[in-house]
Amino acid sequence: MSDAFILGIESSCDETAAAVVRSGEQLISNVVASQIATHQPYGGVVPELASREHLRAIVPVVRQALAEARHTYESVDAIAVTQGPGLAGALLVGISYAKALAFALDKPLIAVNHLEGHIHAVLLEERQKGNHDLQFPVLALVVSGGHTHLYLASQNADSWTYENIGHTRDDAAGEAFDKVAKLLGLGYPGGPIIDRLSSHGDPSAVKFPPAQIKHRDRRGRMDGRAVDPRDDRPRFDFSYSGIKTAMLRYVEAHQMQGGIDARRKALADIPKPSLRDCLATCDKRALDLVASFQRAIVEDLVGKTLAAADACAVATLFVTGGVAANQELRQTFEREAVHQGLPVFFPSRKLSTDNAAMIAAAAYPKFLVKDFAPMDFSAEAGMVLR
Ligand code: KG4
Ligand code: ZN
């Protein structure tokens with residue numbers, strides 16, 4: 001099989017992205033236009049604004065990705081686009097553009113699940129490094145602003161299948177980072193700034209009780225299959241709404257609101273606050289609280305993932321999605337997985353957060369088996385991975 005150059009397009013949330021990837025193993029170009037500045041004043045992604053920004057950015061971003069790859073619209077072999085999960089209006093911008101390109105150029109169109117993309121970000125970079133013999137089964141933790149999911153991933157010839165064995169019952173881990181940063185007046189998105197501030201505080205200063213999950217999951221499995229009442233296999237679910245409430249109580253009990261309001265105001269006046277700017281607004285109590293929050297989330301993610309890896313006797317661990325960019329999470333996984341004799345792989349920071357290279361990489365196995373999308377396919381905001 002000769003090389004296949006796939007143009008990937010991603011617009012599921014607040015990043016408009018396009019990339020060219022060769023045969024799922026070489027990143028040729030990777031362009032990401034972030035909408036952070038647009039959503040920052042609101043402390044979170046505003047869906048209508050996201051769609052409008054995608055409309056503005058999609059054409060120049062795709063052009064730039066092709067130009068940087070020294071490709072043209074005609075020279076790529078297929079067009080891949082995120083079908084879901086994500087914001088419906090945002091997804092539709094990428095999908096409509098990808099359809100128009102595929103139709104006009106008479107190229108195959110491939111629909112990709114965003115979560116599968118995050119998993120293939122790891123595979124793309126490992127192949128690029130020459131690592132072609134990963135051991136199966138693989139357990140993948142996909143941890144981002146919208147998801148905290150554990151998948152058992154298996155490969156059969158060229159096709160991949162996934163089984164969900166755990167997910168968050170309420171907030172995603174990245175959402176907890178974002179909400180806590182908003183609560184503390186640290187701006188949006190919360191993950192990167194909490195990551196950087198945490199090394200300046202004492203992570204053992206505040207003890208948060210571990211998340212309690214007492215009830216069986218009534219929402220069913222996240223791979224879309226019905227729950228079988230006889231299925232008593234252990235699940236590895238997460239919950240992050242409790243820690244958010246505990247943070248709020250701590251802030252109230254320690255009269256931190258005045259300091260938070262002053263911080264919010266000071267940072268709002270700075271166009272792109274640096275770590276130094278943020279540090280200047282934080283006292284020891286605030287830094288200790290941030291560090292303790294991050295430690296609690298990291299310990300929960302690592303503990304449950306390693307317990308799942310043990311129970312399922314997996315050979316390899318992947319950790320991917322925006323929160324996988326977190327320094328302490330990476331270090332803790334690397335340290336703890338060694339004890340279990342488990343190799344752990346992360347994408348580079350650039351490919352941890354949303355991008356289109358992962359979409360083009362995940363599309364390659366589908367390209368090989370001609371799993372092309374019909375022209376009438378649509379966005380699936382709640383798309384499941386299986
Ligand atoms: O994968 P992603 O770009 O978008 C989604 O699919 O959700 O993930 C974005 C999330 C945000 O919640 C952001 O705060 C979080 O990832 N994030 C981080 C870090 N960088 C991004 N969380 C913790 N530490 C980081 N360094
Ligand atoms: Zn994502």
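The values are calculated or read from the model by the stated rules, or taken from the named source; none is laboratory data. Here the structure is a predicted model, which is why all the values come from computation and not from measurement. Cβ: placed from backbone, ideal geometry, glycine included. Neighbour counts: every protein chain shown. With ligands, DNA and RNA removed, areas are computed over all heavy atoms of the protein, side chains included. Shrake-Rupley method; radii C 1.70, N 1.55, O 1.52, S 1.80 Å.
Being open to solvent by 10 Å² or more (accessible area, probe 1.4 Å) and closer than 23 Å to THR353 by Cβ is the filter here, so list the residues in region 288-325 that pass it.
ARG295, ALA296, GLU299, ASP300, LYS304, GLY322, VAL323, ALA325
Table: residues versus (1) outside any loop (DSSP other than H, G, I, E, B); (2) outside the structural domain of CYS13 (by TED's automatic domain parsing); (3) away from ligand 2 (no atom under 16 Å from the Cβ); (4) of a type in the set (Ser, Thr, Tyr).
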| position | (1), (2), (3), (4) |
| --- | --- |
| VAL302 | yes, yes, yes, no |
| ASP310 | yes, yes, yes, no |
| PHE318 | yes, yes, no, no |
| THR332 | yes, yes, yes, yes |
| VAL338 | yes, yes, yes, no |
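Can you name every residue in region 51-95 that is assigned to a loop (DSSP other than H, G, I, E, B) and closer than 18 Å to THR38 by Cβ?
GLY86, LEU87
State which residue is nearest to ALA357 (Cα to Cα) when the search covers only region 10-34 and only residues that are within 12 Å of ligand 1 (Cβ to nearest atom) and among the charged types (D, E, K, R).
Applying the filter and picking the extreme gives GLU10.
State the number of residues belonging to region 11-40 that are in a strand (DSSP E or B) and open to solvent by less than 20 Å² (accessible area, probe 1.4 Å).
Result for region 11-40: 8.
Residues being over 21 Å from ILE110 (Cα atoms), surrounded by fewer than 19 Cβ atoms within 10 Å (Cβ to Cβ) and in contact with a helix residue (DSSP H, G or I) (Cβ under 9 Å, 6 or more places away or on another chain): count how many of those fall in region 41-78.
Residues meeting the conditions: 9.
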